[in-house]
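Colleague: Quick one: structure below, then a few questions.
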Amino acid sequence: MGIVSHSVIIGLSLGVSQSPCTIKPLVAALSSHQFFEGFALGGCISEAQFKNFSALLMAFFFAITTPIGITVGAGIASFYNANSPRALVVEGILDSMSSGILIYMALVDLIAADFLSRRMSCNPRLQVCSYVALFVGAIAMSSLAIWA
């Protein structure tokens with residue numbers, strides 16, 4: 001549910017954007033972001049060994065949530081003033097909720113299980129490589145904020 005609500009909020013942000021200078025980099029950042037988020041979610045679904053219907057339902061909801069958010073955002077964009085103080089506060093709250101949800105999901109639900117596993121704790125080389133990969137990925141994803 002956390003990743004689904006995150007995707008809706010991100011879709012809302014994209015839907016209310018009206019400037020091509022804002023939309024183009026946001027679509028590029030969103031595409032790569034959703035791509036890797038989908039991989040992580042798919043890995044968790046696969047590892048949890050859900051039944052086929054449950055896995056299909058989860059993948060379906062992940063696939064439609066961002067477009068639903070974009071549609072709702074585009075619908076409210078006609079009476080939405082992006083520069084009003086209220087809109088800026090709401091956007092800031094939604095963005096911070098979205099990032100908080102994603103950070104929580106990544107650290108607690110996705111990464112912790114791998115980093116606390118027996119395989120990881122018994123192999124110092126694997127620990128170092130995993131931490132390096134984690135920080136490189138975090139830096140790469142954070143650098144997308146430059147254009148978003």
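The values are calculated or read from the model by the stated rules, or taken from the named source; none is laboratory data. No experiment lies behind these values; they were computed from the predicted model shown. All Cβ positions, even for glycine, are placed from backbone atoms using ideal geometry, and neighbour counts span all protein chains on display. Heads up: the accessible areas ignore ligands, DNA and RNA and are worked out on the full protein's heavy atoms, side chains in. Shrake-Rupley method; radii C 1.70, N 1.55, O 1.52, S 1.80 Å.
Colleague: Residue 9: net charge of surrounding residues, Cβ under 15 Å, Lys/Arg +1, Asp/Glu -1, itself excluded? Write down the numbers at each step before the final one.
Modeller: On the way: positive: none; negative: 37, 91, 95.
Residues near residue 9 contribute -3 overall.
Colleague: For the chain, which DSSP H helices look membrane-span-like by this rule: Cα extent along the axis of 27 Å or more and mean Kyte-Doolittle of at least -1.0? Present the calculation step by step, with values, prior to reporting the outcome.
Modeller: Values: long enough: 20-48 (41 Å, 0.69); 52-76 (36 Å, 1.64); 85-104 (28 Å, 0.97); 124-143 (28 Å, 1.18).
Qualifying helices: 20-48, 52-76, 85-104, 124-143.
Colleague: Also, I was wondering about something else. State, as an integer percentage, the relative contact order of region 1-147 based on alpha-carbon contacts under 8 Å between residues 6 or more apart. Don't skip to the answer; put the middle values down first.
Modeller: Values: 99 pairs, mean separation 60.1, N = 147.
About 41 percent, as a whole number.
Colleague: Roughly speaking, what is the stretch gain from residue 19 to residue 54, that is 0.36 nm per residue apart minus the C-alpha to C-alpha distance, in nm to one decimal? Mind showing how you got there, number by number?
Modeller: Details: separation 35, 0.36 × 35 = 12.60 nm, distance 3.86 nm.
Gain on extension, residue 19 to residue 54, equals 8.7 nm.
Colleague: Excluding ligands, DNA and RNA, what is the solvent-accessible area per residue of the chain at a probe of 1.4 Å, expressed in Å²? Walk me through the numbers on the way to the answer.
Modeller: On the way: 9950 Å² over 148 residues.
That works out to 67 Å² for each residue.
Colleague: I'd like the carbon and sulfur percentage of the solvent accessible area for the chain, probe radius 1.4 Å, heavy atoms only, ligands and nucleic acids excluded. Each step should come with its number before you reach the end.
Modeller: Details: 7170 of 9950 Å².
Here it works out to 72 percent.
Colleague: Can I ask one more? Could you give the distance between the Cα centres of region 63-94 and region 2-57, to the whole Å?
Modeller: Each part's Cα centre sits 16 Å from the other's.
Colleague: Let me ask something additional. With the crude spin-label approximation of a point 7 Å out along Cα→Cβ, what separation in nm comes out for residue 31 versus residue 44?
Modeller: 2.5
Colleague: Additional query: Distance in nm between label sites at residue 103 and residue 83, each 7 Å beyond Cα in the beta-carbon direction?
Modeller: 3.1
Colleague: Next question, about the same structure. Considering only the other residues whose Cβ falls under 15 Å of the Cβ of residue 107, what net charge follows from Lys and Arg at +1 and Asp and Glu at -1? Present the calculation step by step, with values, prior to reporting the outcome.
Modeller: On the way: positive: none; negative: 37, 109, 114.
Around residue 107, the surrounding residues sum to -3.
Colleague: Can you give the helix-only mean residue ellipticity at 222 nm for the chain, where every DSSP H stretch with n ≥ 4 adds -39500 (n - 2.57) and the sum goes over all residues, rounded to the nearest 500 deg cm²/dmol?
Modeller: After summing the helix terms and dividing by the residues of the chain, the value is -26500 deg cm²/dmol.
Colleague: While we're here: Using a simple charge model, +1 on the beta-carbon of Lys and Arg, -1 on the beta-carbon of Asp and Glu, nothing else, what dipole does region 1-147 show about its Cα centre, in debye to the nearest 20?
Modeller: So the dipole magnitude of region 1-147 works out to roughly 200 debye.
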